[in-house]
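Let me begin by presenting the structure, written as structure tokens, before commenting on it.
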Amino acid sequence: MIAGCPPRWANSTFDDRSISPLLTTNDQLLRQTTFYPFVLFSNHAAGQSLQPLTSAPESDTKLFGPMPLLDVSASYDQANNRGAVFIVNRSQHEAVATDISWQGAAPAQVAAAYQLSGSDPKAVNTFAQPNLIGPKQLGGLRIEDGRITLRLPPLSFTVVTTTGYRA
């Protein structure tokens, strides 16, 4: 039981599989859209958390005022000489072109890049359409002069992993 919660509420929280990123039937497994960011962060965020300097277009919100369209986090794993940048484009309608650039040590190459996107903010995977929203691997990204240029679709989550850092 959760402290301070009525038993019926606490038990229903743990019994309700709809809050899980995975749903099952007797013979099927469904990965909900929330499953993929968890897996991508788990597989690629390692080492030290970095504080990226972010400059992005803004959108006015009723509750919070102007907010940047991009939310960015990054990590660097010194032991394995690899890094990862995680970018969310919050815009529901606008693609955003952006550059990722490194100051000081820059990676030699993009190891992999993944993008999860969709045009409908309420889109969900179902047992009838289990792959409606899922990550796609991006190819052809190159680091030139310590910089990568990306196009981020509306409502997207993008992960860029890098290797071979050098000063």
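The values are calculated or read from the model by the stated rules, or taken from the named source; none is laboratory data. This structure is a prediction, so every number in the text was calculated from the model and none was measured. Reconstructed Cβ throughout: ideal geometry from the backbone, glycine too, with neighbour counts over all protein chains shown.
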query = Regarding SER101, is this residue among the hydroxyl-bearing types (Ser, Thr, Tyr) and closer than 16 Å to GLY146 by Cα?
reply = yes
request  = Please list, ordered by first then second residue, the pairs with beta carbon atoms under 7 Å, 6 or more apart or interchain, first in the range 23-35 and within 13 Å of THR126 (Cα to Cα) and of a type in the set (Lys, Arg), second in a strand (DSSP E or B) and at pLDDT 90 or above.
outcome  = ARG31/LEU22
ask   = Since VAL39 meets every condition but one in (1) outside any helix (DSSP H, G or I); (2) under 17 Å from the mean Cα position of the chain (by Cα); (3) of a type outside the set (Lys, Arg), which condition does it not meet?
value = (1)
request  = State all residues of the range 133-143 that are over 17 Å from the mean Cα position of the chain (by Cα) and of a type in the set (A, V, I, L, M); if no residue qualifies, say none.
outcome  = LEU141, ILE143
task = For the range 42-89, enumerate the residues that are touching a residue at least 60 places away in the same chain (Cβ under 8 Å) and either of a type in the set (A, V, I, L, M, F, W, C) or surrounded by 18 or more Cβ atoms within 10 Å (Cβ to Cβ) (or both).
result = HIS44, LEU70, TYR76, ARG82, GLY83, ALA84, VAL85, PHE86, ILE87, VAL88, ASN89
task = Could you give me the residue pairs with C-beta distances under 9 Å whose first residue belongs to the range 145-167 and is at positive phi, whose second residue is part of a loop (DSSP other than H, G, I, E, B) and basic (Lys, Arg) wherever it lies, and which are 6+ apart or on separate chains?
result = LEU155/ARG90
ask   = If you take the residues in the range 14-30 that are under 26 Å from the mean Cα position of the chain (by Cα) and of a type in the set (Val, Ile, Thr), which one is modelled with the highest pLDDT?
value = THR24
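Restricting attention to strands (runs of 3 or more DSSP E) lying wholly within the range 90-167, give those where 1 or more residues are buried (at least 18 other Cβ atoms within 10 Å of the Cβ).
Numbers: elements: 96-101, 109-117, 136-138, 147-152, 156-163.
Here the list reads 96-101, 109-117, 147-152, 156-163.
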query = When HIS93 is evaluated against the numbered criteria (1) out of contact with any Pro (no Cβ under 7 Å at 6 or more places or on another chain); (2) modelled with pLDDT under 95, which criterion, by number, is the only one it fails?
reply = (1)
